[in-house]
Amino acid sequence: MTRYKMAAGLLLALTACAPTMQDVNEVRTLSDVNCTTRPTCSYENSPLQVDRSRPVTLPRRPYTFYPVVETLHFRDAQNREWLAPSGTLTDGASIPAIFVSIVGNPTAPEYVNAGAVHDAYCGVGNEGGAMYHNGRWQDVHRMFYDALVAGGTAKPRAQVMFAAVWLGGPRWNHYYSMAAVPPPAMQQAMRDAKSYVEKNDPTFPELILYLERLEKRIIRQYPNIFPSLNPDNERPDGGEGRSEQDIEIDFEPEF
């Protein structure tokens, strides 16, 4: 059971009434525990070792993939362990191809550990792996941010790369997909996210809320792609987009 599932279950179990503000703040606090606010993240079997004698090319992928030699372990800021098992295919990138021209080279040495662990959970070529989709897509992408920071990536750069996988990366068990949105619209959203990070130095929860607003803008622009969604619904507090509480507990609780 994940930390967010535990938090959501706690909120539901505390009372039959609506959660108190203290309950909400406790859930929000969880999202701000990351490797920049709690630098306790660590790798085991790092740096990543891949078998370069067994290159693999996959359709429509610009980089060559290689299998991981020895299982790479990563422990995030909330003490959750993530694995890139032996045999995981990784290209060291993870960044959606449509964003590479905006984000820049995604295969620098400080990214390869994070890319491999992220690939194990949602990367093409690993669909039959033990870790594939083993967790919520939101948690997997958040882990990517932590793994980047733990690998030596500076916070602004890690946030930009996180924004790329959050906006354009894979999602599963989710009620809508951004895959049908025209690439120019997604690229503009990515440029806006990059500019936001560079100008505002946001906290991690602030960045997630900003990305939610970008999605709301895209949904409004393409009602034919998202006919069942109403992006103009207001939050109960009058704000725009989903609240941090919504982001953290928008899933089926597990008891």
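The values are calculated or read from the model by the stated rules, or taken from the named source; none is laboratory data. These numbers were taken from a predicted model, which means no experiment stands behind them. Virtual Cβ from ideal backbone geometry, glycine too; neighbours counted across all protein chains shown. These accessible areas exclude ligands, DNA and RNA; they are computed on the full protein's heavy atoms, side chains included. Shrake-Rupley method; radii C 1.70, N 1.55, O 1.52, S 1.80 Å.
Meeting the requirement of 3 or more residues that are open to solvent by less than 40 Å² (accessible area, probe 1.4 Å) and over 25 Å from Glu206 (Cα atoms), the helices (runs of 4 or more DSSP H) wholly within segment 55-172 are 112-122. The sole residue among Leu211, Leu207 that is assigned to a helix (DSSP H, G or I), open to solvent by less than 60 Å² (accessible area, probe 1.4 Å) and either in contact with a Phe, Trp or Tyr (Cβ under 6 Å, 6 or more places away or on another chain) or at pLDDT below 50 (or both) is Leu211. Somewhere in segment 175-191, is a residue under 19 Å from Gly135 (Cβ atoms) and either of a type outside the set (A, V, I, L, M) or at pLDDT below 95 (or both)? Yes, the conditions are met somewhere in segment 175-191. The residues of segment 174-204 that are among the hydrophobic types (A, V, I, L, M, F, W, C) and surrounded by fewer than 17 Cβ atoms within 10 Å (Cβ to Cβ), listed by number, are Ala179, Ala180, Ala185.
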